[in-house]
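The values are calculated or read from the model by the stated rules, or taken from the named source; none is laboratory data. Keep in mind that what you see is a predicted model, and the values were worked out from it rather than measured. No Cβ is skipped: glycine too gets one built from the backbone with ideal geometry, and neighbour counts run over all protein chains shown.
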Amino acid sequence: MDSVMRKADELDRLVGELVTLDEQRVGIGTKLVDLEHYFRKAGYPELSRRALDAFVTRYLGRVLELADGMRE
């Protein structure tokens, strides 16, 4: 029974870590969108594109990848 309780504690810890990582990821995505908007309005299309590319390839791309994995 002790080993089951240890594994349950590990599960709780890992879920907590995932929540923290998810919150950080959402914050990073929001910052990338804000930067893209800022650079576009400021007239720096190359920097706007970099922020958008990072958002699409790293942030949004990973979200879609995870969603595809859930469908399998």
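For region 27-47, what are the residues that are surrounded by fewer than 12 Cβ atoms within 10 Å (Cβ to Cβ) and modelled with pLDDT of 95 or more?
So in region 27-47, the residues surrounded by fewer than 12 Cβ atoms within 10 Å (Cβ to Cβ) come out as 27, 34, 41-43, 45-46.
Passing the criteria: D34, K41, A42, G43, P45, E46.
Being more than 15 Å from R62 (Cβ to Cβ) and either of a type outside the set (V, I, T) or modelled with pLDDT of 95 or more (or both) is the filter here, so list the residues in region 5-22 that pass it.
M5, R6, K7, A8, D9, E10, L11, D12, R13, L14, G16, E17
Looking at (1) at pLDDT below 90; (2) loosely packed, with under 12 Cβ neighbours inside 10 Å; (3) β-branched (V, I, T), which is the only condition V56 fails?
All conditions are met except number (2).
Being part of a helix (DSSP H, G or I), modelled with pLDDT under 90 and either loosely packed, with under 10 Cβ neighbours inside 10 Å or touching a helix residue (DSSP H, G or I) at 6+ places or on another chain (Cβ under 9 Å) (or both) is true for just one of R50, R62. Which residue is that?
Numbers: R50 fails: modelled with pLDDT under 90.
Answer to the check: R62.
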